[in-house]
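What follows is one structure encoded as C-alpha cells, with my remarks underneath.
Just so it is clear, none of the values below were taken in a lab; they were calculated from the coordinates. All figures in this text were calculated on a predicted structure; none of them were measured in a lab. Every residue, glycine as well, gets a Cβ built from its backbone with ideal geometry; the counts of neighbours run over all protein chains shown.
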Amino acid sequence: MGSSKLLLFTDYHISSKGRRTLRRLDECVKTSKWIAANVKEHKPDIVVNLGDTFDSHSTIDVPSLCTGVRVMETIMDACNDVSADFIIIPGNHDAYSRDYSSLEAFQGIGATVVWEPTVIAGILGAIPFNKNAEMVTEWLHELEKKSLLTVAHVDVKHANYFSGGPNSDIGVDAEAFRGPIYCGHYHHPHTLGAFEFIGSVMHHNFSDKELPDTPRGLVVIEIGEDGVVTSSKRIPNPHTAIYHKMDWSKKKEKLRTIKLYGSYEDRMHLRVKCDYKDVKQVRSDLREMFPKLLACTVVGINYDTQEVTREATIKIDTDPGEALTAYIKNKGVPKDLDEAVLLEMGKRFLVNVTEGMG
C-alpha cells in the first residue's frame, strides 16, 4: 500500500432560518462548487465530510433540504471524476439514529454514510457522533489498531474552550489516544492531544473566531504507508462570510475594519458597539462607508449608568420590550442590583434611545 491523500471538510450547518437566510444557501452552493474544484485539482483518494451537514437537530425546511442534496451531489460528481471515495459522517446536528436521519436524503447519490465505526479502504477509521463517551473511547482504541488514522465527529473534553465556548468536561480524553484523529464538531481550527480539529468549512456566527485569524475552509493531507502524515494544507474558503466585531470609539478598530472591508466587501457581517447616544449617526456613517455590507447590527451601550454599563448591551434595532426581556432572561440580574431597579433603569434607557432615534 502506497501513500494516500485525503480531503476533509466539516460542519456545513446548512439552514435558511435565523441568521442563515436564503442568501446563505447560495453561499453553501458556491462553497460546494469550490470544494468540487479542489477535489478535481488535488485528486484525493478519499473525501470526507466530518459531520453536521445540516443545522437542525429535528426539522429541516425544504430550501435547506434541497440545498443539502445539491451540495452533496456536486461534491459526489467531482469525486466520481477523480475516482475518489466520498464518506459522510453523521454529526450531532444531523438528527440521526438507526431509524431516522436527515442524511437519508443522500442515499441515492453514491456517497457512503458511516452509521457505525468503520474501516475504509484499509486506511481510514471513521466514527459517527455518539453521546456515550465510554463507547466512543472503545471505538477509537479499536480503530486505531486497524487503521492508519481516524476521522470522527465526537465530544472531546475541554475542546470547546479553544473555540471561545465554556471549558466543557463532556466527552473523551484527548490524551488517551495515539492519533492523529481528525475531528469535526468544533468550528475553531486547533489541536488538542491526539485530535486535530479542522474547523468548519464556513463561518456561522459571531461566536466563531474572525476569519483572518482562523480561516475556515478545507484541509488536504497526505499520509505515508506507515500512517505518518507527510503534509497537511489548509485551504481558505473564499465564499464564506466573515463575522466581524468592532468598537466604534477605537480608531485602530475602525482602521482595521476598513482594511478588512476592502477584502471581504459584501461577505461581511458587522457588529458595532458604540455609545447609545451616537447610534443614529453611527448607522448613517456605516451605510456611507460600507454600502455593500451583508448585514450590520449597531449595539448601543449606556456608558453613563455605571451599574448597568457592563451588563446592559442592548441591540438598538430590537423592540425595546423584547430586548429588555431577552437581557433579563439571558444575562440574569447583577448580584448587587435589584431586579425591579434594573427593569426601571432599563425602561428609561430604552425609551431615551428609541426617542433619540426618531
Original post:
Rounded if a/c is under 1.5, else prolate if a/b is larger than b/c, else oblate: which is segment 4-236, with a ≥ b ≥ c the root eigenvalues of its Cα gyration tensor?
Top reply: rounded
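Stretch residue 275-residue 146 to full length: gain in nm at 0.36 nm per residue minus the Cα-Cα span?
Details: separation 129, 0.36 × 129 = 46.44 nm, distance 5.93 nm.
Length difference between fully extended and current span is 40.5 nm.
Restrict the search to segment 71-147; then list the trypsin sites (Lys or Arg not before Pro) that DSSP places in a loop and that have at most 14 other Cβ atoms within 10 Å of their Cβ.
Qualifying residues, ordered by number: 98, 131.
Quote the FRET efficiency, to the nearest 0.05, computed for residue 231 versus residue 70 with a Förster distance R0 of 35 Å and r equal to the Cβ-Cβ distance. Walk me through the numbers on the way to the answer.
On the way: r = 31 Å, r/R0 = 0.90.
In this case the efficiency is close to 0.65.
Using 1/(1 + (r/R0)^6) with R0 = 56 angstrom and r between the beta carbons of residue 287 and residue 121, what's the FRET efficiency to the nearest 0.05? List each step's numbers first, then the result.
On the way: r = 54 Å, r/R0 = 0.96.
For R0 = 56 Å, the calculated efficiency reads 0.55.
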**OP:** Return the subset of 131/233; 33/292; 33/233; 233/254; 40/233; 43/233 for which the Cα-Cα distance in this structure is over 22 Å, preserving the input order.
**Re:** 131/233; 33/292; 233/254
Original post:
How many nm separate the modelled label positions at residue 61 and residue 251, each set 7 Å beyond the Cα in the direction of the Cβ?
Top reply: 4.4
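Expressed in nm to one decimal, what extension gain is obtained for the pair residue 40 and residue 104 from 0.36 nm per residue of sequence separation less their Cα-Cα distance? Can you show the working numbers first?
Numbers: separation 64, 0.36 × 64 = 23.04 nm, distance 2.61 nm.
That pair, residue 40 and residue 104, stretches by 20.4 nm at full extension.
Within a Cβ distance under 11 Å of residue 120, other residues only, what is the Lys/Arg minus Asp/Glu net charge? Please report the intermediate quantities before stating the final value.
Details: positive: 146; negative: 45, 85.
Every neighbour counted, the sum reads -1.
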